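Okay, structure first, notes after.
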Amino acid sequence: MAVYRSRPLPFITLPREVLLNGNLTPTSRLLYALLLSSLDVDMEFSQIATLAGLRHPDELSPYLEELAQIGAVEVGDHEGRGSVLTVHEMPVVPQQRTHTCVPCEDCGDCSCEYIKGVCRPCSEIRRTNDQAKRDIDRWKRQLEAGATYAIGQHAARLHRWDCPTLNTPEKGMARLEEQKPYAKNGGYYWSRLPDLYTADELRQKGSRKKHCAVCGPDPL
Ligand SMILES: [Zn+2]
Ligand SMILES: [Zn+2]
Ligand SMILES: [Zn+2]
């Protein structure tokens, strides 16, 4: 079962050692708080610069440098992402200041933003593939148990299980393959296969559905 977060806390926690660090300029201390706040909401660098009292994002550099010196932030190259600013919610000690990129096991792009080892789009792909596998197993089990009638997603008509108008494991998997390039934008999803029934089950249900004219299922 997946676990989702709901009602994220409306505040952030600042480590005292950064806030009370007298070697930092006031702008750096404010910038650190702004960066921490920006982690869960989409905020442009230009917005952060404005909120820090600066006119242009380029002016952030010396302050980011100050924060990097105390291990509060880090700039490094990440696979497929180029230069990335990592904000530590707890500053790291010098020995830990070599945050190297963890490439995704599946696609090789940076996975640091998400669960270590697999990037967010690939996690979605894995989840959808699991869902597809479970659905295909269910469909095959029903077919093997003699369920040769099908009711499709729209439930309008009764079909033979192999009606060309219905989704099949092969069609579904081919569609997933085509959708792979769009996984990053959430375009990777599984369409449920039709539910299969035996003639007995349909008689018990008292099914009065119209029979599909394309496949012409046997009369019940
Ligand atoms: Zn990375
Ligand atoms: Zn990946
Ligand atoms: Zn049909």
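Structure summary
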{"quantity": "Contour minus Cα-Cα distance for Y114 and R134 (0.36 nm per residue)", "calculated": "4.7 nm"}
{"quantity": "Surface share of carbon and sulfur [accessible, 1.4 angstrom probe, percent] for the chain", "calculated": "51 percent"}
{"quantity": "Accessible-area ranking of E65, E44, E59, largest first, probe 1.4 Å", "calculated": "E44, E65, E59"}
{"quantity": "Nitroxide proxy distance, nm - points 7 Å out along Cα→Cβ at V214 and L14", "calculated": "6.3 nm"}
{"quantity": "Accessible area in the full protein assembly, largest first, 1.4 Å probe, for E201, E170", "calculated": "E170, E201"}
{"quantity": "Separation between Cα centres of the stretch 33-97 and the stretch 153-220, rounded to whole Å", "calculated": "50 Å"}
{"quantity": "Neighbour cut-off at most 15 other Cβ (10 Å), DSSP loop, trypsin sites (Lys or Arg not before Pro), the stretch 1-35", "calculated": "R5"}
{"quantity": "Over 21 Å [Cα-Cα, the chain], rounded percent", "calculated": "69 percent"}
{"quantity": "Net dipole in debye of the chain [+1 Lys, Arg Cβ; -1 Asp, Glu Cβ; about Cα centre; nearest 20]", "calculated": "1400 debye"}
{"quantity": "Residues of type lysines that K209 reaches as a straight line, Cα spacing below 26 Å, ignoring anything fewer than 8 places off in the same chain", "calculated": "K140, K171"}
{"quantity": "Listed residues R192, R120, R208, most fluctuating in the chain (Gaussian network, C-alpha, under 10 Å)", "calculated": "R208"}
{"quantity": "Label-to-label distance, nm, for residues given as H56 and E178 (7 Å Cα→Cβ offset)", "calculated": "4.8 nm"}
{"quantity": "Heavy-atom accessible area ranking, 1.4 Å probe, most first, across I12, I125", "calculated": "I12, I125"}
{"quantity": "Extension gain, D40 back to T27 (0.36 nm per residue minus Cα-Cα distance, nm)", "calculated": "2.5 nm"}
{"quantity": "Two-site FRET efficiency, Y4 against D106, from Cβ-Cβ distance with R₀ of 22 Å, rounded to 0.05", "calculated": "0.50"}
{"quantity": "Heavy atoms of S6: accessible area, 1.4 Å probe, square angstrom to 10", "calculated": "90 Å²"}
{"quantity": "Heavy atoms of D137: accessible area, 1.4 Å probe, square angstrom to 10", "calculated": "60 Å²"}
{"quantity": "Approximate shape of the stretch 16-90 as ellipsoid semi-axes (Cα gyration tensor, √5λ), whole Å, largest first", "calculated": "18, 15, 12"}
{"quantity": "Helix 120-144 axis, angle to the chain major axis (alpha carbon atoms, nearest 10°)", "calculated": "20 degrees"}
{"quantity": "Rounded to the nearest 10 Å², the accessible area of M43 at probe 1.4 Å", "calculated": "50 Å²"}
{"quantity": "Rounded to 10°, Cα long-axis angle of helix 26-38 versus longest principal axis of the chain", "calculated": "10 degrees"}
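The values are calculated or read from the model by the stated rules, or taken from the named source; none is laboratory data. Source: prediction; values computed, not measured. Cβ sites come from the backbone with ideal geometry, for glycine too, and all protein chains shown count toward neighbours. Keep in mind that these areas ignore ligands, DNA and RNA; they rest on the heavy atoms of the full protein, side chains included. Shrake-Rupley method; radii C 1.70, N 1.55, O 1.52, S 1.80 Å.
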